[in-house]
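Since the structure comes first, as structure tokens, the remarks are kept for the end.
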Amino acid sequence: TLAATASSNLTVTLASTTSSVCTISGNTLTPLAIGTCSITATQAGNASYAAAAPVTRSFTVAGRPQTITFAGPGNQTIGTATPALSATSSSGLSVSFASSTTGICTVSGTTLTLVAAGSCTITANQAGNTGYAAAAAVSRTFTIAPAPAAGPTAAQRGFDLYTTTSPITCL
């Protein structure tokens, strides 16, 4: 509830000049979106008093705060299936992901792609909307191990290979 008075004690009228951010009904302010709300007070005067000069006051309408919960995928190994990235915001708005180490790992949507062995950093973001402020980004760093060395093949271990006609020995 807003209050404004004039030195004449005549009624002051309040109006929003930023109706996409806030509205006024009587003396009740309703914030609608994040941004700058501007309210103008006017007093038209009467037979005894001249109109007062309009007065405008502005203030910031902040969004509700939100947080991101992002555990990260944990250490990974090249050549193995990677989990889908998953994070939640306290607002319920969707979270996006980005890699800051694209030479090691990349992200598309919630799909993590392992590019090379090393240290991968993924950041979860939520930009906010008209009702929620942007969440603080949450980064997770994990290790990507190289693919395990392949063991020797049967031929490399000295096994005999057979064709339909004769044995072939591999050394």
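The values are calculated or read from the model by the stated rules, or taken from the named source; none is laboratory data. Here the structure is a predicted model, which means the values were calculated and not measured. Virtual Cβ from ideal backbone geometry, glycine too; neighbours counted across all protein chains shown. In case anyone asks, the SASA skips ligands and DNA or RNA and just uses the protein heavy atoms, side chains included. Shrake-Rupley method; radii C 1.70, N 1.55, O 1.52, S 1.80 Å.
Data table
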read-out	value
Selection from the range 47-82 of residues that are open to solvent by 50 Å² or more (accessible area, probe 1.4 Å), under 25 Å from the mean Cα position of the chain (by Cα) and of a type in the set (Gly, Ala, Ser)	Ala62, Ala71
Residue tally, condition more than 23 Å from Ala134 (Cβ to Cβ), open to solvent by 60 Å² or more (accessible area, probe 1.4 Å) and part of a strand (DSSP E or B), over the range 5-32	3
Matching residues in the range 105-115 - criterion: being in contact (Cβ under 8 Å) with a residue 24 or more places away in the chain and not in a loop (DSSP other than H, G, I, E, B)	Cys105, Thr111, Leu112, Thr113, Leu114
Answer residue from the range 116-171, given it is open to solvent by 70 Å² or more (accessible area, probe 1.4 Å), among the aliphatic types (A, V, I, L, M) and assigned to a strand (DSSP E or B) and is modelled with the lowest pLDDT among those	Leu161
Of all residues making up the range 83-104, the number that are under 16 Å from Asn129 (Cβ atoms), open to solvent by 40 Å² or more (accessible area, probe 1.4 Å) and either of a type in the set (Phe, Trp, Tyr) or not in a loop (DSSP other than H, G, I, E, B) (or both)	2
Scan of the range 105-115 for residues that are over 25 Å from Ala150 (Cβ atoms) and either among the small types (Gly, Ala, Ser) or open to solvent by less than 30 Å² (accessible area, probe 1.4 Å) (or both), ordered by number	Ser108, Gly109
Residue match in the range 41-55 (condition: on the phi < 0 side of the Ramachandran plot, part of a loop (DSSP other than H, G, I, E, B) and touching a strand residue (DSSP E or B) at 6+ places or on another chain (Cβ under 6 Å))	no
Residue tally, condition surrounded by fewer than 13 Cβ atoms within 10 Å (Cβ to Cβ) and either closer than 12 Å to Thr17 by Cα or touching a residue at least 40 places away in the same chain (Cβ under 8 Å) (or both), over the range 33-46	1
